[in-house]
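Bear in mind that the values in this text are calculations on the coordinates, not laboratory data. Since we're looking at a predicted model, the values are computed, not measured. Positions of Cβ are generated from backbone atoms using ideal geometry, with glycine treated the same way; all protein chains shown enter the neighbour counts.
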Amino acid sequence: MHAHSTDTTSTQAGGSGIGTATSLPGNLVRSPSEPTPSLNVSPWTDPLLDALGHDPRSAYVETYWLGVLGPSTTWLLRRMARCFDESPDGFVIDIVETARALGLGASASRHSPLMRSISRCELFKLAVRTGPVTLAVRRRLPPLTRRHLLRLPSSLQQQHNELVAQEAGGRDPAAIRTRARQLALGLMELGESASATESQLICWKVHPALAHEVTLWAAQARETAILE
């Protein structure tokens, strides 16, 4: 997931709506001819979360993550998801153009609204700095943890709990296990301990034996991913 400089010349790709996007293989470097600050964005590759997480443009993210991240950060992730569709290996965004496209002014300063949105992505472990002008961003978001869910109105908290319980309590054993694994992995991705993850799964009506099993699976999966 770490960015490495290349000497490849960028080619502009239109239609991203997020400033200047390029279709370069691998990670990117800032062009010396760029008149305004830019940021090199690469995918934060995570095979498990990429397979089980939520697309930033999904109804789940719009309904539940929006109240946690705020509209500017959510829209930034949605726009980046579109850029990843066009340039899966990474792209360059023009800071000023991107800020203007999102209605966040035209400032490229450290404390500008756009940079604060990027900082929120980092705070919630949805992006990570890999260099002074490089950023790795997740293409999929995990389910909310309990502490994040508490930021939402009580009506949305109840709706979320009902949704999770319904998905975890289906009739297909394979689907139940897959969903429980998704939930366990998402909780651990956001920093929950194994014991807290298992307890939360049980609160979401996952059978205790299955909650224990998928928690162990998620812990081993994360350890393997980190070692790789």
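General observations
- The alpha-carbon atoms of the stretch 95-171 define a convex hull whose volume equals 138 cubic angstrom per residue.
- For the stretch 56-139, the percent of C-alpha pairs falling in each 10 Å distance bin, counted from 0 to the bin holding the largest distance, reads 18, 54, 27, 1.
- Simple spin-label estimate for Ala51 and Thr178 in nanometres, 7 Å along Cα-Cβ: 1.0
- In sequence order, the stretch 92-97 has phi-based couplings of 10, 10, 7, 4, 5, 4 Hz under the Karplus curve 6.51 cos²θ - 1.76 cosθ + 1.60, θ = phi - 60°, and Gly or Pro positions carry x.
- For the stretch 140-151, backbone phi angles converted through the Karplus equation (6.51, -1.76, 1.60; θ = phi - 60°) give residue-by-residue couplings of 9, 9, x, x, 5, 7, 4, 5, 6, 4, 5, 6 Hz, Gly and Pro being listed as x.
- Directionally averaged projected area (the stretch 146-227, Cα convex hull): 5.2 nm².
- Subtracting the Cα-Cα distance of Leu150 and His111 from their residue separation scaled by 0.36 nm leaves 11.3 nm.
- In Hz, Karplus ³J(HN,Hα) per residue of the stretch 72-86 (6.51, -1.76, 1.60; θ = phi - 60°; x = Gly, Pro): 5, 5, 5, 5, 4, 5, 5, 5, 5, 4, 5, 5, 5, 4, 7
- The mean sequence distance of close C-alpha pairs (under 8 Å, at least 6 residues apart), as a share of the length of the stretch 34-95, puts its relative contact order at 60 percent.
- Amide H to amide H, with H built 1.01 Å from N, Ser38 comes under 5 Å of Ile95, counting only residues 5 or more places away or on other chains.
- Label zone at Ser193 (point 7 Å along Cα-to-Cβ), backbone N below 18 Å, the stretch 126-155: 145-148
- Considering only alpha-carbon pairs that sit under 8 angstrom and 6 or more positions apart, the relative contact order computed for the stretch 146-227 is 29 percent.
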